[in-house]
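The values are calculated or read from the model by the stated rules, or taken from the named source; none is laboratory data. Just so you know, these numbers come straight off a predicted model, no measurement behind them. Backbone-built Cβ (ideal geometry, glycine too); neighbour counts: all protein chains shown.
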Amino acid sequence: MSYNCYCVKPVPAASLPLSRFSIPQNLSLSPTTTRRNCVIRFSPDKSLHLVRCCSTDAFVVVNDNKYGNKQVVSLTPRLYDYVLSNVQEPEVLKELREETATMHGSQMQVSPDQAQLLAMLVQILGARRCIEVGVYTGYSSLAVALALPESGCLVACERDEKVLKVARRFYERAGVLHKVQIKHGLAIDTLNAMLLNGEAGSYDFAFVDAEKKMYTTYFELLLKLVRVGGVIVIDNVLWHGKVADPLVNDSKTASLRNFNNALFEDERVSISLVPIGDGMTICRKR
């Protein structure tokens with residue numbers, strides 16, 4: 001993994017090569033290194049404003065004609081450690097996170113700061129009825145269930161029975177199993193069945209962290225299930241930074257890029273793209 005660094009000095013478009021230079025891994029993520037090793041990418045589009053950051057920088061310097069020079073936080077490893085040290089993570093969530101870290105696909109688990117944000121949104125909304133599409137081992141759904149009142153309900157959709165067993169075990173350990181309706185199978189089938197059952201507009205909150213190519217389908221179904229004023233949160237919208245890279249056009253990246261663009265234009269929701277974890281978009285139904 002490496003940080004990107006963009007040249008801050010505008011250069012004529014004709015002279016902008018499409019080049020990228022890697023940083024040795026042992027240097028790029030060192031929180032204490034004094035060597036300022038950078039990745040440089042030049043934009044072929046002269047309309048784009050250029051940004052500069054390095055692996056040891058605490059800030060990205062943005063040079064934009066509309067907003068002027070502005071410093072925004074760039075999460076170096078040291079700074080991210082500080083963020084995580086300020087997450088109020090219940091012990092049962094920590095235990096689940098540590099167990100998940102030993103499993104195949106552990107990168108699919110949301111980060112502790114993401115889980116804390118989800119729980120906070122549920123509490124702010126006063127949510128009672130929630131949906132999660134893509135449970136994995138249950139870290140995010142457990143955070144939501146813990147935040148729900150005793151009478152609350154979370155519909156947890158997951159197709160992998162093996163990881164659901166881990167999730168169920170931790171729901172039980174945390175004493176929230178009675179709040180969770182586990183739905184083993186394809187989420188699209190579960191969501192359609194809920195609509196056929198007359199549950200449209202009856203949910204307060206939904207979280208999606210599942211197959212990226214299905215995001216548009218999930219979003220449309222959830223928009224019917226969530227009430228006006230309810231919230232839908234979409235994970236992985238920055239997709240490791242690939243969505244902003246014009247040189248990356250694999251099917252998942254293209255799907256997410258198209259989804260993000262459509263969401264930006266969607267007048268049915270108000271949105272905020274938050275650069276937390278791998279990027280989360282918070283959508284409020286109008």
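Here are a few things to note about the model shown:
- Within the range 153-190, being more than 20 Å from TYR218 (Cα to Cα), crowded, with 22+ Cβ neighbours inside 10 Å and small (Gly, Ala, Ser) holds for one residue alone: ALA167.
- Test: residue in the range 84-91 that is surrounded by fewer than 22 Cβ atoms within 10 Å (Cβ to Cβ), under 21 Å from ILE282 (Cβ atoms), of a type in the set (Ser, Thr, Tyr) and at pLDDT 95 or above: no
- When the range 215-270 is filtered for residues that are within 27 Å of GLN123 (Cα to Cα) and among the acidic types (Asp, Glu), the ones remaining, listed by number, are GLU220, ASP235, ASP266, GLU267.
- Considering only residues in the range 123-147 that are of a type in the set (Gly, Ala, Ser) and assigned to a helix (DSSP H, G or I), the one that is farthest from ALA101 (Cα to Cα) turns out to be ALA147.
- Here PHE264, PHE219 are screened, and the one residue that is under 25 Å from ALA115 (Cβ atoms), assigned to a helix (DSSP H, G or I) and of a type in the set (Phe, Trp, Tyr) is PHE219.
- Some residue of the range 191-206 being within 18 Å of the chain's Cα centre (by Cα), assigned to a strand (DSSP E or B) and surrounded by 13 or more Cβ atoms within 10 Å (Cβ to Cβ): yes
- Unique residue being within 19 Å of ILE276 (Cα to Cα), part of a loop (DSSP other than H, G, I, E, B), in contact with a helix residue (DSSP H, G or I) (Cβ under 9 Å, 6 or more places away or on another chain) and touching a residue at least 40 places away in the same chain (Cβ under 8 Å) when the list is VAL110, VAL87: VAL110
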